[in-house]
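Student: Attaching a single structure in structure tokens format; questions to follow.
Read-outs: derived from the displayed coordinates by stated rules, not from any lab. All values derive from a computational prediction rather than experimental measurement. A quick note on method: Cβ atoms are made from the backbone with ideal geometry, for glycine too, and the neighbour counts reach across all protein chains shown.
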């Protein structure tokens, strides 16, 4: 089976859960806001399938870090909808490229990533 970005997006949306969200977002995670706290582990799974770069930037508006992918020069941000209110003025500063190995050294990220990856792989296996 060919994995497209649309199919992977479907798998991620179906696989996100409270346990895959960032720890401070877990109490606020809901089925209505599935992308909340999922950015780090999501970019890692996307990177597994499509390569590219994993970018981290800081939002002064929200006082937090956010991750997205750059693949073939195109920005892919499947978790941007977690931000509320007017999103037109959200900018990210101090952007850096992070590697899979760097992120896997963070215990909380490693645990959440492994859970999300298993769930995504199971979802895709059931689509065959």
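Student: Among 61, 117, rank each residue by its count of other Cβ atoms within 10 Å, from fewest to most, as a rough exposure measure. Could you put the intermediate results ahead of the total?
Tutor: On the way: 61 13, 117 16.
Fewest-to-most Cβ neighbours within 10 Å comes out as 61, 117.
Student: Further, regarding this structure: Quote to one decimal, in nm, the extra length available between residue 5 and residue 59 on full extension: 0.36 nm per residue of separation minus the C-alpha distance between them. Don't jump to the answer; show the numbers that get you there.
Tutor: Values: separation 54, 0.36 × 54 = 19.44 nm, distance 2.59 nm.
Between residue 5 and residue 59, full extension yields 16.8 nm more.
Student: Taking the number of other C-beta atoms within 10 Å as the exposure measure, put 99, 79 in order starting with the fewest.
Tutor: Values: 99 12, 79 21.
The order, fewest Cβ neighbours first, is 99, 79.
Student: Could you work out which residue, out of 72, 81, 48, moves most in a Gaussian network model of the chain, that is, has the largest mean-square fluctuation with Cα springs under 10 Å?
Tutor: Top of the fluctuation ranking is 72.
Student: To continue, here is another question. Rounded to the nearest angstrom and ordered from largest down, what semi-axes does the equivalent ellipsoid of the stretch 5-126 get from its C-alpha gyration tensor (root of 5λ)?
Tutor: Rounded to whole Å, the semi-axes are 20, 17, 15.
Student: Would you list 109, 120, 2, 43 from fewest to most Cβ contacts within 10 Å? Could the numbers behind the result be given before it?
Tutor: On the way: 109 16, 120 25, 2 4, 43 28.
The most exposed by this proxy come first: 2, 109, 120, 43.
Student: Based on the Cβ-Cβ distance from residue 127 to residue 32, what FRET efficiency comes out when R0 is 35 Å, to the nearest 0.05? Working shown, then result.
Tutor: Details: r = 24 Å, r/R0 = 0.70.
Efficiency for this residue pair is about 0.90.
Student: Only Cα pairs under 8 Å and at least 6 apart count here; give the relative contact order of the stretch 5-126 as a rounded whole percent. Write down the numbers at each step before the final one.
Tutor: Numbers: 172 pairs, mean separation 36.5, N = 122.
It comes to 30 percent, rounded to a whole number.
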